[in-house]
Structure formats: structure tokens, C-alpha cells
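The values are calculated or read from the model by the stated rules, or taken from the named source; none is laboratory data. Every value quoted in this text rests on a predicted model; they were computed, and no experiment measured them. Quick reminder, even Gly has a Cβ in these numbers, built from the backbone with ideal geometry, and neighbours come from all protein chains shown. Accessible surface areas use protein heavy atoms only, side chains included; no ligands, DNA or RNA. Shrake-Rupley method; radii C 1.70, N 1.55, O 1.52, S 1.80 Å.
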Amino acid sequence: MKLVFAGTPEVAVPALDALIASGRHEVAAVVTRPDAPAGRGRRLVASPVAERAEEAGIEVLKPARPRDEDFLARLREIAPDCCPVVAYGALLPKAALDIPAKGWVNLHFSLLPAWRGAAPVQHAVMSGDEVTGASTFLIEEGLDSGPVYGVLTEEVRPTDTSGDLLTRLAFAGSGLLAATMDGIEDGTLHAVPQPADGVTLAPKITVEDAQVQWSAPALRVDRVIRACTPAPGAWTLFRGERLKLVQATPAVDRSELAPGELSAGKNNVFVGTGSHAVELLWVQPQGKKPMRAADWARGVRIVPGELAGS
């Protein structure tokens with residue numbers, strides 16, 4: 001088939017690579033979000049998908065909005081048979097959805113109908129799911145509601161951050177998407193409607209959502225920190241300034257600390273929760289690089305009984 005691939009972040013690159021490497025289909029063009037400011041200089045930088053496509057000599061389309069007529073006209077000229085999608089980052093209008101004969105097929109990082117939305121991996125980690133996965137489905141105008149072509153499962157490990165899990169799913173899912181394209185082309189794969197039961201939503205995790213509530217049990221605190229790593233980054237207040245919590249672990253043998261109460265030793269830092277404490281391993285103060293929590297604690301000289309969260 002002639003394909004137009006749509007995707008933007010680094011997590012979409014393995015799927016693009018898999019389609020290019022398969023040799024069975026022609027990736028005629030790539031659709032990605034416009035260049036965005038990045039770094040301290042805030043200079044415009046192309047998306048990871050755009051950079052990979054340019055390396056491979058593939059045409060790159062960067063519409064400000066997918067409904068722009070110039071973009072739609074170019075898509076009609078290319079006349080793709082199918083448009084595989086991974087984390088493109090913009091809603092596709094019906095005018096775009098109607099162009100490829102076999103539609104737009106999304107690789108979504110959950111076992112649909114669970115975790116429809118922008119942050120399925122983060123919500124799976126935050127909710128304590130033991131198993132998640134990826135699904136390929138035909139995009140409709142509803143939110144991740146189209147019929148499913150294929151799925152794969154992936155164990156959520158006890159120490160997984162969202163970044164860890166998403167990386168594994170990106171590589172495993174690349175094979176699923178390539179196999180889905182093959183099955184659509186040869187007619188052996190047919191999309192099955194999603195069940196009405198089991199629908200859960202996974203909206204974007206905001207910075208406000210990522211603030212740790214120390215009154216919650218340690219298990220919940222641990223999940224929030226792992227779910228928000230690397231983005232948007234879990235945090236708490238300390239002496240009125242935001243402190244990013246890069247890595248922590250439950251400390252089941254420490255239950256004497258009040259919620260938010262800090263205790264610093266020579267080589268460790270504990271914070272009380274609604275159950276037992278958590279040990280802070282790595283933190284990042286405002287304007288500084290990540291550092292070991294024990295080094296941070298020595299620098300700020302924590303007072304006995306001092307609280308995080310204020």
C-alpha cells in the first residue's frame with residue numbers, strides 16, 4: 001500500500017522505522033506537528049518524526065491545522081491507501097479521514113476500550129494496572145472509539161515509570177502496526193467493534209495533577225511519582241519552592257513520620273505519607289539539575305519535623 005504516516009514525538013519513531021524497513025509498503029509522506037520552540041534559546045526545532053523522515057528522504061507535511069485546505073489538497077494528490085498514526089497530537093477532521101481508501105489506523109498504547117485519551121500509559125501506571133498493552137484501531141470521529149484490528153499485552157513492572165513502559169510499548173507496538181498494515185492490505189485482518197463495557201478515560205496529566213499529596217498512602221504516592229516521570233514530573237513544595245521528585249521508593253519499615261514530615265540521615269531522606277514513609281532517591285530543585293536526595297538534604301539542612309508540601 002501507499003502510506004502517509006502521521007506522528008510527532010520520539011515514541012512514534014520506532015513505528016515509522018518499522019514501516020520503512022518492512023519494504024512491503026511505500027511510505028510516501030509523513031504528517032507531523034509544526035516545528036516548536038525548544039531549549040533555553042527557544043529556537044524552532046523539528047519533531048523527532050520529521051527529522052527521521054528527512055533522513056530517509058521522505059516528504060514531510062507540517063500543517064498548522066489538519067483541516068487546512070493546502071494540506072488536504074496535497075494529501076489528495078498523494079492519494080494514500082492508508083494512513084498509520086502514532087501520537088500525532090491533533091484531531092483529524094472528517095475531510096482528512098475520508099481521503100485514504102482504507103482509512104487512518106492508530107497505534108494506541110492501551111488495551112482498548114481501557115484508557116481512551118491522551119495519556120493512557122500514565123493512567124495505567126497511576127492506577128496500578130498490572131497489565132496494559134497496545135491496540136491498532138480504525139480512527140473515527142469519536143475519541144479512540146473505532147473498531148480494533150489487533151492488540152498486544154505488556155506487563156507493568158513494579159518500578160516502571162511511564163517513560164520505561166512507553167519505551168517498551170513503542171518498540172513492541174511498531175511490529176503490531178506493521179503487521180496491521182500487512183493484514184489490511186491482504187484482506188486477512190478485519191476491525192472488530194470495541195465492547196461497550198470497560199471504557200475508561202485517560203486525559204492529559206497536568207502539572208497540578210502531578211503535585212504529590214502526602215496524606216495519601218505510600219502506594220499511591222509511589223504510583224503518582226512513577227506515572228508522572230518523565231513528564232510532567234511529580235513535585236512537592238519545600239520552603240515555598242517547587243521540588244521535583246525524580247525517583248522514590250516505598251519504605252515499608254518506616255511508619256513513624258506524619259504525612260509530609262521529612263527525616264534526613266547521612267545517606268537517605270524519608271517523607272511520611274498517609275501510611276508508611278517513602279524514601280526519596282533523586283530530586284531536582286528549581287533551576288538546578290537532578291541530584292541525589294541525600295546530597296540535596298545536606299545542602300538545605302532539613303530541620304527535624306520540617307514538612308514537605310508547603
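Filtering the stretch 157-209 to residues that are over 19 Å from residue 21 (Cβ atoms) and of a type in the set (S, T, N, Q) leaves 159, 161, 162, 188, 194, 200, 206. Which residue is most open to solvent (accessible area, probe 1.4 Å), if the candidates are limited to the stretch 99-133 and must be under 12 Å from the mean Cα position of the chain (by Cα) and small (Gly, Ala, Ser)? Checked the stretch 99-133; the qualifying residue most open to solvent (accessible area, probe 1.4 Å) is 118. When restricted to residues that are open to solvent by 50 Å² or more (accessible area, probe 1.4 Å) and either touching a helix residue (DSSP H, G or I) at 6+ places or on another chain (Cβ under 8 Å) or assigned to a helix (DSSP H, G or I) (or both), the stretch 141-165 contains 5.
For every residue, the table says whether it meets (1) within 16 Å of residue 211 (Cα to Cα); (2) touching a residue at least 24 places away in the same chain (Cβ under 8 Å); (3) hydroxyl-bearing (Ser, Thr, Tyr); (4) surrounded by 18 or more Cβ atoms within 10 Å (Cβ to Cβ).
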position: 241; (1), (2), (3), (4): yes, yes, no, no
position: 276; (1), (2), (3), (4): no, yes, no, yes
position: 292; (1), (2), (3), (4): no, no, no, no
position: 295; (1), (2), (3), (4): no, no, no, no
position: 301; (1), (2), (3), (4): no, no, no, no
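Of all residues in the stretch 20-37, those that are within 17 Å of residue 59 (Cα to Cα) have Cβ atoms under 7 Å from Cβ atoms of residues that are assigned to a loop (DSSP other than H, G, I, E, B) and aliphatic (A, V, I, L, M), 6 or more apart or on another chain, in 20/56; 25/1; 27/58; 29/58; 30/58; 33/90; 34/64; 35/46. Residues that are of a type in the set (A, V, I, L, M) and surrounded by 14 or more Cβ atoms within 10 Å (Cβ to Cβ) within the stretch 66-86 comprise 72, 75, 78, 85, 86, listed in sequence order. Taking the stretch 182-294 and the strands (runs of 3 or more DSSP E) fully enclosed by it, the elements with 1 or more residues that are of a type in the set (Lys, Arg) and touching a strand residue (DSSP E or B) at 6+ places or on another chain (Cβ under 7 Å) are at 241-251. Would it be correct to say that residue 11 is closer than 20 Å to residue 91 by Cβ, at pLDDT 95 or above, surrounded by 21 or more Cβ atoms within 10 Å (Cβ to Cβ) and within 17 Å of the chain's Cα centre (by Cα)? Judged against the criteria, residue 11 is a match.
When each of 21, 36 is tested for being surrounded by fewer than 17 Cβ atoms within 10 Å (Cβ to Cβ) and over 23 Å from the mean Cα position of the chain (by Cα), the lone residue that passes is 21.
Considering only residues of the stretch 243-270 that are charged (D, E, K, R) and within 19 Å of residue 295 (Cα to Cα), which is most open to solvent (accessible area, probe 1.4 Å)?
We begin by selecting, within the stretch 243-270, every residue charged (D, E, K, R); these are 244, 253-254, 256, 261, 266.
If we keep only those that are within 19 Å of residue 295 (Cα to Cα) as well, we get 244, 261, 266.
Details: 244: 67, 261: 46, 266: 163 Å².
If we take residues in the stretch 243-270 being charged (D, E, K, R) and within 19 Å of residue 295 (Cα to Cα), then 266 is most open to solvent (accessible area, probe 1.4 Å).
If you go through the stretch 198-239 and pick out every residue that is more than 16 Å from residue 293 (Cβ to Cβ), open to solvent by less than 60 Å² (accessible area, probe 1.4 Å) and of a type in the set (S, T, N, Q), you end up with 3.
What is the residue count in the stretch 71-101 for residues that are touching a helix residue (DSSP H, G or I) at 6+ places or on another chain (Cβ under 9 Å), under 20 Å from residue 47 (Cβ atoms) and in a loop (DSSP other than H, G, I, E, B)? Of the residues in the stretch 71-101, 2 are touching a helix residue (DSSP H, G or I) at 6+ places or on another chain (Cβ under 9 Å), under 20 Å from residue 47 (Cβ atoms) and in a loop (DSSP other than H, G, I, E, B). What about residue 203, is it under 19 Å from residue 119 (Cβ atoms), touching a Gly at 6+ places or on another chain (Cβ under 9 Å), modelled with pLDDT of 95 or more and of a type outside the set (Val, Ile, Thr)? Yes; evaluated as a whole, the condition is true for this residue.
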